[in-house]
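Here is the structure we will look at.
The values are calculated or read from the model by the stated rules, or taken from the named source; none is laboratory data. Model, not experiment: these values are computed from the prediction. Every residue, glycine among them, receives a Cβ derived from its backbone with ideal geometry; neighbour counts consider all protein chains shown. Ligands, DNA and RNA are stripped out before the accessible areas are found, and what is left, the full protein with its side chains, is counted by its heavy atoms. Shrake-Rupley method; radii C 1.70, N 1.55, O 1.52, S 1.80 Å.
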Amino acid sequence: MGFKKSKEIFCECVSNEFLNEKGKLNNVKIDNILKLNFVKPNEKDKEGNISPNYSKYYKANQISDFKEIYQDLIYLMT
(Lines give C-alpha, C1' and ligand atoms only; values in the text may rest on other atoms or scores of the structure.)
Protein backbone atom coordinates (compact mmCIF):
# COMPACT_ATOMS: atom_id res chain seq x y z
CA MET A 1 0.00 0.00 0.00
CA GLY A 2 1.40 3.40 -0.91
CA PHE A 3 0.54 6.68 0.72
CA LYS A 4 -0.16 9.81 -1.29
CA LYS A 5 2.95 11.98 -1.68
CA SER A 6 5.00 9.39 0.20
CA LYS A 7 8.23 7.86 -0.94
CA GLU A 8 7.48 4.59 0.84
CA ILE A 9 5.31 1.55 0.24
CA PHE A 10 3.92 -0.37 3.20
CA CYS A 11 3.76 -4.15 2.69
CA GLU A 12 2.28 -6.92 4.79
CA CYS A 13 2.38 -10.70 4.71
CA VAL A 14 -0.56 -12.25 6.51
CA SER A 15 0.24 -14.00 9.78
CA ASN A 16 -1.05 -17.36 10.92
CA GLU A 17 -3.55 -15.55 13.14
CA PHE A 18 -5.75 -15.02 10.08
CA LEU A 19 -5.14 -18.31 8.24
CA ASN A 20 -7.00 -21.59 8.57
CA GLU A 21 -5.07 -24.74 9.41
CA LYS A 22 -4.55 -25.69 5.76
CA GLY A 23 -3.16 -22.27 4.83
CA LYS A 24 -0.89 -21.67 7.83
CA LEU A 25 2.70 -20.59 7.17
CA ASN A 26 5.31 -23.20 8.03
CA ASN A 27 8.65 -22.34 9.67
CA VAL A 28 10.47 -22.14 6.32
CA LYS A 29 8.00 -19.56 4.96
CA ILE A 30 8.19 -17.56 8.19
CA ASP A 31 12.00 -17.64 8.08
CA ASN A 32 11.89 -16.42 4.46
CA ILE A 33 9.67 -13.49 5.45
CA LEU A 34 11.98 -12.59 8.34
CA LYS A 35 15.10 -12.83 6.12
CA LEU A 36 13.64 -9.92 4.16
CA ASN A 37 13.51 -7.83 7.35
CA PHE A 38 9.76 -7.86 7.84
CA VAL A 39 8.73 -7.00 11.40
CA LYS A 40 7.09 -9.86 13.30
CA PRO A 41 3.36 -9.65 14.01
CA ASN A 42 2.39 -7.49 16.98
CA GLU A 43 5.89 -5.99 17.32
CA LYS A 44 6.68 -2.30 16.86
CA ASP A 45 8.44 -1.22 13.69
CA LYS A 46 11.04 1.57 13.68
CA GLU A 47 8.27 4.19 13.61
CA GLY A 48 6.29 2.64 16.46
CA ASN A 49 3.55 1.08 14.30
CA ILE A 50 2.17 -2.34 15.22
CA SER A 51 0.48 -4.76 12.82
CA PRO A 52 -1.04 -8.17 13.46
CA ASN A 53 0.79 -9.28 10.27
CA TYR A 54 4.42 -9.34 9.14
CA SER A 55 5.10 -5.82 7.91
CA LYS A 56 7.76 -3.76 6.18
CA TYR A 57 8.20 -0.29 4.73
CA TYR A 58 10.03 -0.13 1.41
CA LYS A 59 11.61 2.99 -0.02
CA ALA A 60 9.96 4.03 -3.28
CA ASN A 61 12.18 6.80 -4.62
CA GLN A 62 13.55 5.24 -7.77
CA ILE A 63 13.28 2.27 -10.13
CA SER A 64 15.82 0.21 -8.15
CA ASP A 65 13.54 0.44 -5.09
CA PHE A 66 10.67 -1.09 -7.05
CA LYS A 67 12.99 -3.79 -8.38
CA GLU A 68 13.81 -4.73 -4.79
CA ILE A 69 10.10 -5.02 -3.96
CA TYR A 70 9.55 -7.15 -7.06
CA GLN A 71 12.49 -9.44 -6.21
CA ASP A 72 11.28 -9.85 -2.64
CA LEU A 73 7.78 -10.70 -3.88
CA ILE A 74 9.13 -13.35 -6.26
CA TYR A 75 11.30 -14.76 -3.44
CA LEU A 76 8.30 -15.07 -1.13
CA MET A 77 6.17 -16.73 -3.79
CA THR A 78 8.68 -19.48 -4.57
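Counting only residues at least eight positions apart within a chain, or on another chain, the aspartates and glutamates with an alpha carbon under 14 Å from that of LYS44 are GLU12.
As a calculated quantity, the FRET efficiency between LEU19 and LYS44 at R0 = 35 Å, using C-beta atoms, amounts to about 0.95. Ranking SER15, ILE30, ASN61 by how far each Cα lies toward the positive end of the dipole of the chain (charges on Cβ) leaves ASN61 at the top. In this structure, the pairs whose alpha-carbon distance is over 27 Å, taken from LYS5/LYS29; LYS24/LYS59; LYS22/LYS59; LYS5/LYS67, are LYS5/LYS29; LYS24/LYS59; LYS22/LYS59.
For the chain, the solvent-accessible area of protein heavy atoms averages 76 Å² per residue (probe radius 1.4 Å; ligands and nucleic acids excluded). These residues, PHE10, PHE66, go from largest to smallest accessible area, 1.4 Å probe, as PHE66, PHE10. Between helix 63-77 and the chain there is an angle of about 10 degrees, using the helix long axis and the longest principal axis of the Cα atoms. For the chain, the fraction of 1.4 Å probe accessible surface lying on carbon and sulfur atoms is 53 percent. Measuring only protein heavy atoms, the 1.4 Å probe finds LEU73 accessible over about 90 Å². Shown here: mean projected area of the Cα convex hull in nm², derived from the displayed model; of the candidates (i) 7.7; (ii) 6.0; (iii) 5.6, it corresponds to (iii). Taken about its Cα centre, the chain carries a charge dipole of roughly 160 debye when the Cβ of each Lys and Arg holds +1 and the Cβ of each Asp and Glu holds -1.
Ellipticity at 222 nm from helices only: DSSP H runs of n ≥ 4 in the chain, each -39500 (n - 2.57), divided by the residue count, give -9500 deg cm²/dmol. Scanning the chain for trypsin sites (Lys or Arg not before Pro) in DSSP loops with at most 16 neighbouring Cβ atoms within 10 Å leaves 47-78 as the longest stretch between them. Here the label points at ILE74 and LYS5, each 7 Å from Cα along the C-beta direction, are separated by 3.5 nm in the simple model.
Rolling a 1.4 Å probe over the protein chains gives ILE74 an accessible area of about 70 Å².
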